[in-house]
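Asker: Structure below; questions to follow.
Nothing in this text is a laboratory measurement; each read-out follows from the coordinates by a stated rule. Values in this document were obtained by computation on a predicted structure and should not be read as measured data. Here Cβ is always computed from backbone atoms with ideal geometry, including for glycine, and neighbour counts include all displayed protein chains.
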Amino acid sequence: MRMQAVFNGVVIAESDDTIVVEGNHYFPRASLRDQFLEASKAHTVCAWKGVASYYDVRVDDAVSTGAVWYYAKPSPLARQIKDRVAFWKGVQVRPAPTVPHQSPATEPPMFDAPEGATC
């Protein structure tokens, strides 16, 4: 299924290769439109994924601080999200509009935290 990440009415990422982890679509890093990103110094730690880093998103005068996160060096348990990003804080993740004669959509692979792990 082709998915989009939209902020302030602008598509900031689009891909038919997302992976769903704990309900969040992780997009390939290459699908991000870098002109809307600003590096953040923020980091958080997830017990099973590792250290998360963030980008702020800016579209025109609208800014969402830390709205994009990624794991530069995910733990072995989270290796499937290496080189991928996920969104929150006002970034809407939704199915992309369908194109006539497009192949039927398939669901992205889904992964959950190991038993007892949370972040």
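Asker: About its Cα centre, what dipole magnitude does the chain give when the only charges are +1 on Lys and Arg Cβ and -1 on Asp and Glu Cβ, stated in debye to the nearest 20? Spell out each step's value before the answer.
Answerer: Values: 12 positive and 13 negative charges, 53 e Å.
Value, rounded to 20: 260 debye.
Asker: Of all alpha-carbon pairs in the chain, indicate the percentage at a distance above 18 angstrom. List each step's numbers first, then the result.
Answerer: Numbers: 3559 of 7021 pairs.
Roughly 51 percent, once rounded to a whole number.
Asker: Follow-up. Given a Förster radius of 41 Å and the C-beta distance between LYS41 and ARG2 as r, what FRET efficiency does 1/(1 + (r/R0)^6) yield to the nearest 0.05?
Answerer: Working: r = 33 Å, r/R0 = 0.80.
About 0.80, to the nearest 0.05.
Asker: Once you have a ≥ b ≥ c as the square roots of the Cα gyration tensor eigenvalues for the range 20-72, tell me rounded if a/c is under 1.5, and otherwise prolate or oblate according to whether a/b is larger than b/c.
Answerer: On the way: a/c = 2.12, a/b = 1.51, b/c = 1.40.
Note, shape of the range 20-72 comes out prolate.
Asker: Continuing with this model, one more query. Counting other beta carbons within 10 Å of each Cβ, put HIS43, HIS25 in order, fewest first.
Answerer: Values: HIS43 11, HIS25 22.
Ranked by crowding around the Cβ, least crowded first: HIS43, HIS25.
Asker: Where Lys and Arg each count +1 and Asp and Glu each count -1, what net charge lies around PHE36 among other residues with Cβ under 13 Å from its Cβ?
Answerer: On the way: positive: ARG33, ARG58; negative: GLU14, ASP34, GLU38, ASP56, ASP60, ASP61.
Result for the neighbourhood of PHE36: -4.
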